[in-house]
Amino acid sequence: MPYFRALRQEAPHIFKIFGPLLISQYAQIANGIIDTAMAARLGTVELGGVAVGVAIWMPVYMFVIGILISVLILVAQSHGAGNRDGAVVLGHQGLWMGGVLGLAASCIIIPLSQYAAWFGADAQLMQTSRAYIWSVAWGLPLGGMAVSLRFFCEGQNVVFPVTVMAVIIVGCKTILNYALMFGNLGAPALGVQGCGLSSAISMGLLLLMLAFYISFSKHFAARRFMRHIQWPRFQTIKQFFKLGLPVAFGITSEYLVASVITIFISTTTVTAVAAHQVAFSCMMLFFATPAALSMAASIRVGNLWGEKHVAESRDAIKGIMALSVIIGLVFTVLMLAGAPSLAYMFSKDTAVALLAASALRFGAFFQLADSMQVCLNGVLRGVGDTTAPFVITAIVYWLFCIPVGYVLSGMPLPWGLGLSPDLLGIRGWWLSLTISLFIVSFLLARRVRHTFWLVAK
């Protein structure tokens, strides 16, 4: 079936999942924006403390979420196969694993907050970030359990109620920040501690809402999830780790690649670092859309794979990839046409904005490549293929993207070799990133073709 015909056929199924997931993605982004805006009202040190704190706890929490994506994969396949009892078992095991992993994350970020001063950060800044991290840490076990229940619902195509809860949490988070950070509504003024505590409470509220919905909604009436929670089954948890660890390591690898690039750029000029951060922030505004489509692809393909509908899976993949290309092209055009306006949204410094706009134009096709590769990743996750995508992306990013970006950006080489920094500068990094994503897309597409067209019957 041609790609765009497949898209017309698949659209009712995929948009039913994709639409709510997209709103959920932007709700999560809104929480971060709210924290930043409210922390800025406390002062520069407090804003910096929250920024450092987020930089410490968020990568660890994202690693936990990466592992828990295995719950989504297996529940989607079980739901597709019509095995509701199996989905409940997976949900129970995911709940245990989410709690334990969240507790482990808390035990990791608290010591990290103590030793971060070794990197030479300002003492007052680190004291502020520690207060924030200690408050957040209380909520991570609850957050891990909430993520597990969220994936349990979404794996069974129950996405709209979860989106409604995500939007409610944005409102709750805003009110909690207003009360706990500034001492309003009869609450004590806790400053950045209040910001962290509101995040922890929000995680607990989301867990309660999900548990209540699963317990009393008609969708789960046949198998009351909370009636009898089974004890941990280590064979199932082992299966979760087998599927989830490559995803978690892949997320961590991407974080580290971005950090390494930023560190290299920081050795040049302040303007270059600021411009790169502006360009990166602009890209992240658009990333939520392909990320939501990737999650929808995992659910849709996982359901069809569980049903053993190989032909329908192929049509769904064609439709999903057609949509990913459309999204990528639209964002590429927006980036090419609106680069200066986007850059000035984040910085009023003319030199920074002009350099950021130049980098955005250079990396405009990054949007197309990123949209394709993230959706191909989602397709492969739907069938439980997580190790190969991690290996492919890690090799391309570390053995191609970083070295090529280093050379193209004019970083110093032995014996005085290397390009002039004035030739490309930070644009060399964005060019390298874009080329790398196209290579990853090509390799993942070959993997999808092998899995669904050459092997599957």
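The values are calculated or read from the model by the stated rules, or taken from the named source; none is laboratory data. Because the structure is a prediction, the values reported are computed rather than measured. Virtual Cβ from ideal backbone geometry, glycine too; neighbours counted across all protein chains shown. Accessible surface areas use protein heavy atoms only, side chains included; no ligands, DNA or RNA. Shrake-Rupley method; radii C 1.70, N 1.55, O 1.52, S 1.80 Å.
Criterion applied to 369, 311, 296 was being open to solvent by less than 10 Å² (accessible area, probe 1.4 Å) and over 21 Å from residue 26 (Cβ atoms), and the one residue passing it is 369. Of the listed requirements (1) more than 30 Å from residue 84 (Cβ to Cβ); (2) out of contact with any Cys (no Cβ under 7 Å at 6 or more places or on another chain), residue 290 misses just one: (2).
Per the conditions (1) modelled with pLDDT of 80 or more; (2) closer than 24 Å to residue 276 by Cα, the sole criterion not satisfied by residue 410 is (1).
Would it be correct to say that residue 348 is at negative phi, touching a residue at least 24 places away in the same chain (Cβ under 8 Å) and among the charged types (D, E, K, R)? Reasoning before the result, please.
Details: at negative phi: yes; touching a residue at least 24 places away in the same chain (Cβ under 8 Å): no; among the charged types (D, E, K, R): yes.
Here the answer is no, as residue 348 does not meet what is asked.
Could you say which residue among 7, 103, 47, 42 is out of contact with any strand residue (DSSP E or B) (no Cβ under 8 Å at 6 or more places or on another chain) and modelled with pLDDT of 85 or more? Being out of contact with any strand residue (DSSP E or B) (no Cβ under 8 Å at 6 or more places or on another chain) and modelled with pLDDT of 85 or more holds for just one of 7, 103, 47, 42, which is 103.
Among the candidates 261, 229, 251, single out the residue that is surrounded by 22 or more Cβ atoms within 10 Å (Cβ to Cβ) and modelled with pLDDT under 90. Break it down into steps so the answer makes sense when it comes.
Numbers: 229 fails: surrounded by 22 or more Cβ atoms within 10 Å (Cβ to Cβ); 251 fails: surrounded by 22 or more Cβ atoms within 10 Å (Cβ to Cβ).
Criteria check complete, one pass: 261.
Restricting to segment 32-51, name every residue that is small (Gly, Ala, Ser), open to solvent by less than 50 Å² (accessible area, probe 1.4 Å) and within 22 Å of the chain's Cα centre (by Cα).
Within segment 32-51, the first condition is being small (Gly, Ala, Ser), and the residues that meet it are 32, 37, 39-40, 43, 48-49, 51.
Then drop every residue that is not open to solvent by less than 50 Å² (accessible area, probe 1.4 Å), which leaves 32, 39, 43, 48-49.
Matches in segment 32-51: 32 only.
The single condition among (1) touching a residue at least 60 places away in the same chain (Cβ under 8 Å); (2) under 21 Å from residue 402 (Cβ atoms); (3) β-branched (Val, Ile, Thr) that residue 310 does not satisfy is (2). Only one entry in 100, 75 is among the β-branched types (Val, Ile, Thr), part of a helix (DSSP H, G or I) and open to solvent by less than 30 Å² (accessible area, probe 1.4 Å), namely 75. Take residue 86 and tell me if it is without any contact (Cβ under 8 Å) to a residue 40 or more places away in the chain, in a helix (DSSP H, G or I) and not hydrophobic (A, V, I, L, M, F, W, C). Here the answer is yes, as residue 86 does meet what is asked. State whether the residues of segment 424-434 include one that is within 30 Å of residue 73 (Cβ to Cβ), open to solvent by less than 20 Å² (accessible area, probe 1.4 Å) and at pLDDT 90 or above. Scanning segment 424-434, I find at least one residue that is within 30 Å of residue 73 (Cβ to Cβ), open to solvent by less than 20 Å² (accessible area, probe 1.4 Å) and at pLDDT 90 or above, so the answer is yes.
Within segment 175-190, restricting attention to residues that are out of contact with any Leu (no Cβ under 7 Å at 6 or more places or on another chain) and among the small types (Gly, Ala, Ser), the residue that is farthest from residue 131 (Cα to Cα) is 186.
One residue stands out in segment 6-21 among those that are among the charged types (D, E, K, R) and under 15 Å from residue 324 (Cα atoms): the one that is least open to solvent (accessible area, probe 1.4 Å), namely 10.
Quick grid of which residues meet (1) closer than 26 Å to residue 76 by Cα; (2) open to solvent by less than 20 Å² (accessible area, probe 1.4 Å):
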| site | (1), (2) |
| --- | --- |
| 279 | no, yes |
| 284 | no, no |
| 306 | yes, yes |
| 317 | yes, yes |
| 323 | yes, yes |
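If we scan segment 52-68, do we find a residue that is over 16 Å from the mean Cα position of the chain (by Cα), in a helix (DSSP H, G or I) and either surrounded by fewer than 24 Cβ atoms within 10 Å (Cβ to Cβ) or among the aliphatic types (A, V, I, L, M) (or both)? So far as segment 52-68 goes, yes, one or more of its residues are over 16 Å from the mean Cα position of the chain (by Cα), in a helix (DSSP H, G or I) and either surrounded by fewer than 24 Cβ atoms within 10 Å (Cβ to Cβ) or among the aliphatic types (A, V, I, L, M) (or both).
A single entry from 396, 379, 407, 325 fulfils the requirement of being within 20 Å of residue 261 (Cα to Cα), in contact (Cβ under 8 Å) with a residue 24 or more places away in the chain and of a type in the set (Val, Ile, Thr): 396.
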